[in-house]
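The values are calculated or read from the model by the stated rules, or taken from the named source; none is laboratory data. Note that the structure is predicted; figures quoted are calculated from it, not measured. Neighbour counts run over all protein chains shown; Cβ positions are idealised from the backbone, glycine included. Surface areas here come from the heavy atoms of the whole protein model, side chains and all, with no ligands, DNA or RNA. Shrake-Rupley method; radii C 1.70, N 1.55, O 1.52, S 1.80 Å.
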Amino acid sequence: MDKIIIKGGNTLRGEVEISAAKNAVLPILAATLLSEDKCTIENCPMLLDVFVICDLIKSLGAKVKIDEESGLTEIEALNIKDCEQIGDLSRKMRASFLIMGPMVSRFGKFKISLPGGCNIGTRPIDLHLKGFKALGASVILDHGNVEISANKLIGNRIYLDFPSVGATENIMMAGTLAEGETIIENAAAEPEIGDLANFLTKMGACIEGVGTGTIKIKGVKKLIGADYKPIYDRIEAGTFMIAAGLTNSNIKLKGVNEDHIKPIIAKLTEMGMDIEMDNDILIIDGRKELKPIDIKTMPYPGFPTDMQAQMMSLLSCVVGTSVVTETIYENRFMHVAELKRMGANVKIDGRSAVIEGITRLNGAAVKATDLRAGASLILAGLEAEGETEITDVYHIDRGYVEIEKKFKMLGANIRRIKE
Ligand code: EPU
């Protein structure tokens, strides 16, 4: 397993291009299964999770062609076969369950391994299942598998008890080919859902109300192939913004949609960072002294849970008391133990973490326990005095394209050791 080694303390400068959003691309790739025509997705980020979902789609019998240089990914799901062998692949990644909506909608039946919990929480799928049942499907849970079947999905009104991103996406995709109108209430409003809706609309779907909390989908008979370029990754952008604060640097990010990162801009500005947009370039100046703040993760447009760990690294180095409250996941503080190895002063009290910021972290041997926790350790390493060695880097590779190369281009002393 690869390691990342960082010698902290370098100031960053220059410009880096943000990749396409993993969490937009995964549902979009799943949605290509809704049509028998070829779909072309431009600029796909070449990430572990993207390869897993492409392998899954391929194992169903679809033709998948990836140009790793440009990220151009073509999928033609004309002939799909019944597939009993996808268990291992689907267990590798929770987002695999996003193929359920398209498969049931197009073929009336699909069986897959139940997605398990993961390091950050139990992550049930009850809201996805509530949606499929409301559309008239029957759900069988058996020996770790979930089988969903329906002669015909019929549109219905579905209230989500929580605005789940994945449930909104799965039900939206299922509704595209259902008979009549599907209405999702208390739907999630994350930008990635808007991106999926735009792609589905290009395929011929009829969707209204994305971003309002109530999404209406009028079922159509057939979806056609489409070409699409997904949105940029707001979490990758936020991760680089925090790096500017941690290294007292001024950096530029290319390919950022300012609207999507408003909650991140708001909190970093509150801390004292100067952030401005110049055409499509975001300029972040983290050279001023920063103030401690309190943060609570919330569904969009609240502060994203996927930025919580990275924010914790920054607050660990801002003198004063900050409180971070995690409301989305029950176990997303795994990075705290690792940050403590680097000298951070953090106490966890239930769903909150109280951080007494110090002037500088110390490099240490630490372990990435999940994707965003891993990113937070890279950020901490960029600030820390001495050397930081991060193991279990594969977690980071699930969601960041060549992160060490991008930081190196900005002037960081960072390298990967392949093992
Ligand atoms: N939940 C339920 N029941 C459900 C579905 C969700 O209780 O049926 C709970 C989950 O257990 C969790 C909360 O609701 O506590 C939020 O889950 P949600 O369904 O919104 O998240 P997701 O679709 O599984 C996506 C991202 C995550 C991101 C969350 C929240 C993808 C592929 N993943 O997951 O991304 O944290 O939304 O914004 O889009 C990451 O990129 O690091 C990551 C974990």
- Query: Relative to the compact globular guide of 2.2 N^0.38 Å, what is the alpha carbon radius of gyration of the stretch 12-94, as a ratio?
  - Reply: 1.18
- Please pull out the direction-averaged projected area of the stretch 137-244, using the convex hull of its alpha-carbon atoms, in nm² to one decimal place. 9.0
- When the gyration tensor of the chain is built from Cα positions, what are the square roots of 5 times its three eigenvalues, in whole Å, from largest to smallest? 38, 21, 20
- Message: Charges at C-beta only: +1 for Lys and Arg, -1 for Asp and Glu. How large is the resulting dipole of the stretch 49-118 about its Cα centre, in Debye rounded to 20?
- Response: 420
- Work from the charge dipole of the stretch 365-419 (Cβ charges, +1 for Lys and Arg, -1 for Asp and Glu, about the Cα centre) and give the residue of Val366, Gly386, Ser376 farthest towards its positive end. Ser376
- Just report the Cα centroid separation between the stretch 127-169 and the stretch 336-410, whole Å. 37
- Going by alpha carbons, how many degrees (0 to 90, nearest 10) lie between the helix axis of 22-31 and the longest principal axis of the chain? 10
- With all protein chains in place and a 1.4 Å probe, Leu48 shows an accessible area in Å² (nearest 10) of 80
- Message: How many angstrom lie between the Cα centre of the stretch 1-46 and the Cα centre of the stretch 222-277?
- Response: 14
- Task: Could you work out the equivalent-ellipsoid semi-axes for the stretch 1-58, taking the square root of 5 times each eigenvalue of the Cα gyration tensor, largest first, in whole Å?
- Result: 33, 15, 7
- Message: Using the Cα centre of the chain as origin and beta-carbon charges of +1 (Lys, Arg) and -1 (Asp, Glu), tell me which of Gly101, Gly209, Ala189 is placed farthest towards the positive end of the dipole.
- Response: Gly101
- Message: Can you tell me which of Ala243, Ala95, Ala380 moves the most in a GNM of the chain? Springs connect C-alpha atoms under 10 Å apart.
- Response: Ala95
- Message: What's the magnitude of the charge dipole for the stretch 93-162 around its Cα centre, counting Lys and Arg as +1 and Asp and Glu as -1 at the beta-carbon? Answer in Debye, nearest 20.
- Response: 220
- Query: Which residue, Gly238, Gly363, Gly350, tops the fluctuation ranking in a GNM of the chain built on C-alpha contacts under 10 Å?
  - Reply: Gly350
- Quick one: of Lys254/Lys418; Lys252/Lys406; Lys111/Lys133; Lys22/Lys406; Lys7/Lys406; Lys7/Lys405, which pairs are farther than 19 Å apart, Cα to Cα? Lys254/Lys418
- For the modelled label position 7 Å from the Cα of Glu419 along Cα-to-Cβ, which residues of the stretch 361-385 have backbone nitrogen atoms closer than 20 Å? 363-382
- Among Asn23, Gly61, Leu127 the positive-end extreme of the charge dipole of the stretch 1-154 (Cβ point charges): Leu127
- Mind checking the stretch 138-226 for trypsin sites (Lys or Arg not before Pro) that DSSP puts in a loop (not H, G, I, E or B) and that have at most 15 other Cβ atoms within 10 Å? Lys152, Lys221, Lys222
- Task: Using only the Cα atoms of the stretch 232-321, build the gyration tensor, take square roots of its eigenvalues as a ≥ b ≥ c, and label the shape rounded, prolate or oblate: rounded if a/c is under 1.5, else prolate if a/b is larger than b/c, else oblate.
- Result: oblate
- Item | DSSP-defined beta bridges in the stretch 280-419 - what % are antiparallel, rounded to 5 | 60
- Message: On a 1.4 Å probe surface of the protein chains, which of Met409, Met342 comes out largest in accessible area, and what is the full order?
- Response: Met409, Met342
- Item | Qualifying trypsin sites (Lys or Arg not before Pro) in the stretch 1-83, DSSP loop, other Cβ atoms within 10 Å at most 10 | Lys81
- Task: Kindly express, to the nearest 10 degrees and within the range 0 to 90, the angle between helix 234-246's C-alpha long axis and the longest C-alpha principal axis of the chain.
- Result: 0
- Task: For the chain, give the magnitude of the charge dipole about the Cα centre (Cβ charges: +1 Lys/Arg, -1 Asp/Glu; no others), in debye to the nearest 20.
- Result: 480
- Using amide H atoms built 1.01 Å from N in the peptide plane, name the residues 5+ places from Lys296, or on other chains, whose amide H lies under 5 Å from its own. Thr325
- Message: Just the number please: accessible area per residue for the stretch 278-403, 1.4 Å probe, all protein chains included, in Å².
- Response: 38
